[in-house]
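Values in this text are rule-based calculations from the coordinates and carry no lab data. Computed from a prediction, not measured in an experiment: that's the story for all the values here. Cβ sites come from the backbone with ideal geometry, for glycine too, and all protein chains shown count toward neighbours.
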Amino acid sequence: MSGSRKIYLGTNTKMYKNIRQTVDFVTRLETLTKDIPRDRLELFVIPSYTTLAAARKSVPETDILIGAQNMCWEDQGQFTGEISPLMLEEVGVNLVMIGHSERRHVFRENDAEENRKILAALKHGFVPLLCVGETGEEKEYGIAEEVIRTQLKVGFRGVPAEQAGKVMVAYEPVWAIGVNGKPASEDYAEKIHALIHRTLAEQFGREQGEKIPVLYGGSVNDGNAEKLIVMPHIDGLFIGRSAWDADHFNSIIRKVMPLFFQKSGTEGD
Ligand code: 13P
């Protein structure tokens, strides 16, 4: 989405933070970022299910979108342990993350399941955030591009082009995520982001495909956020550990925003 007027910055708090910690976090983040015009910044937090209702009530959705970490594709039924779109609607969730690498690799979800969830999320008016990314082994075999194209083509199968503007994509190489992760270099991330943008343009047509923001995630930190955000095809950052302290997240936001707008040529508009 080159030339974007908006930067996308968000965090997934994984299976950390209880209700009180989540409310404290989003409240502090909202206070710290209140002065930033939201037509320039889409800020989102994806905490655990049990915290969603309290998180949603504690900050306005015009300032921070709240997302769920997963969702069942069915509205109701014999799906013990799952959470339905209707239940998420009830607590006012805005966004649903689909296909996070930990869902794909620890819980063995596949592309066809992610596709059903994407379609259900759109039907219920959520913004689906589809996560894609290759494992270290797939990278070694030289099939990262094939894997990512497959994840996108199957994940978004049946999504009409008119709805493309409602979805988001996060590129999170599996080998880059978490405590044992090694961040992708900015050049490697840029190469894959360009591929993702090309694939989305193929799938939805150039105009619609270009509306989809593609965020980079995987060991983003103070030291690499600026290098990543200046890359032409990176529309935002999806951060884990380095964003879990609101003050630290805010300092990353402040660092990357001016660079992002210099890149997209909309500085001082
Ligand atoms: P880290 O930034 O902790 O590597 O996590 C990234 C992530 O999984 C975001 O969904």
Exercise for review: Mind sorting R157, R56, R5 by how few other Cβ atoms lie within 10 Å of their own Cβ, fewest first?
Suggested key: R5, R157, R56
Study note, to complete from the structure: Shape descriptor, the chain: equivalent ellipsoid semi-axes (Cα gyration tensor, sqrt 5λ, whole Å, largest first) stand at 24, 24, 18
Check your understanding: Over 32 Å between Cα atoms, which of K57/K191; K17/K117; K6/K57; K117/K191 qualify?
Key -> K57/K191
Practice item. Output the relative contact order of the chain, whole-number percent, from Cα pairs under 8 angstrom with separation of 6+ residues. Key: 21
Check your understanding: Could you give the Stokes-Einstein D for segment 31-150 in µm² per second, using the C-alpha Kirkwood radius, 20 °C, 1.002 mPa s?
Key -> 136
Study note, to complete from the structure: The set of residues whose placed amide H lies less than 5 Å from the amide H of I46, leaving out same-chain residues fewer than 5 positions away, is T11, N12, T13, G67
Exercise for review: Take peptides 214-222, 237-245, 193-201 and line them up by average Cβ neighbours within 10 Å, highest first, as a rough protection proxy.
Suggested key: 214-222, 237-245, 193-201
Point to revise | Label-point separation in nm, R28 to E61, each point 7 Å along Cα→Cβ | key: 2.6
Study note, to complete from the structure: With a ≥ b ≥ c from the Cα gyration tensor eigenvalues, square-rooted, and the rule rounded for a/c under 1.5, otherwise prolate when a/b > b/c and oblate otherwise, segment 72-215 is oblate
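So for L129, L152, fewest C-beta neighbours within 10 Å to most, what's the order?
L152, L129
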**Study point:** Hydrodynamic radius (Kirkwood) for segment 147-269, which is based on Cα pairs only, to one decimal in Å
**Key:** 15.1
Check your understanding: How many angstrom separate the Cα center of segment 139-188 from the Cα center of segment 84-112?
Key -> 16
Check your understanding: With the Cα gyration tensor of segment 49-108 giving a ≥ b ≥ c as the square roots of its eigenvalues, does the rule (a/c under 1.5 for rounded; else a/b larger than b/c for prolate; else oblate) give rounded, prolate or oblate?
Key -> oblate
Check your understanding: Per-residue ellipticity at 222 nm for the chain, helices alone: DSSP H runs ≥ 4 residues times -39500 (n - 2.57), over residue total, nearest 500 deg cm²/dmol?
Key -> -12000 deg cm²/dmol
